[in-house]
1. Could you give the nm distance between label points at residue 115 and residue 29, where each point is 7 Å from its Cα heading toward the beta carbon?
2. Quick check on the chain: what does the Kirkwood estimate of hydrodynamic radius come out to from the alpha carbon pairs, in Å?
3. In whole Å, how far is the Cα centre of region 77-125 from that of region 14-53?
4. Relative contact order of the chain, please, whole-number percent, based on alpha carbon pairs below 8 angstrom and at least 6 residues apart.
5. Rounded to the nearest 500, what is the 222 nm mean residue ellipticity of the chain from helices alone, with -39500 (n - 2.57) per DSSP H run of 4+ residues and division by all residues?
């Protein structure tokens, strides 16, 4: 059993309830505290307050886009070390390039399987 101080924090930021639920349920077996945000502004505020180890960040959200949130977090020395995985329903090269320019560490196309998510998180954390 993991010690409390060895737990990770993972923020799931997506406006789609079904995706947040899938990701949350998939990651419950991990030694992690799971946080959720439903829009870009909430994700930015929560990331600054909670400083998660990893953010699963949807590209298209109300308020600030995932790209904007990523740019702001990576530009701030207090949050620049947070690992960010951009999530998009569009696997097009332009989204991947935009994610890279925004400072994203990884990129994942939706929909994804629980196994794909677990593998990525295990690789990162």
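Derivation of every value follows stated rules applied to the coordinates shown; laboratory data play no part. Here the structure is a predicted model, which is why all the values come from computation and not from measurement. Glycine also receives a Cβ, built like all others from the backbone with ideal geometry; neighbour counts cover every protein chain displayed.
1. Going from the residue 115 label point to the residue 29 one covers 1.2 nm.
2. About 14.3 Å, per the Kirkwood formula over Cα pairs.
3. 14 Å
4. Details: 197 pairs, mean separation 27.9, N = 125.
Result for the chain is 22 percent.
5. Working: 5 runs with 53 residues, N = 125.
About -12500 deg cm²/dmol.
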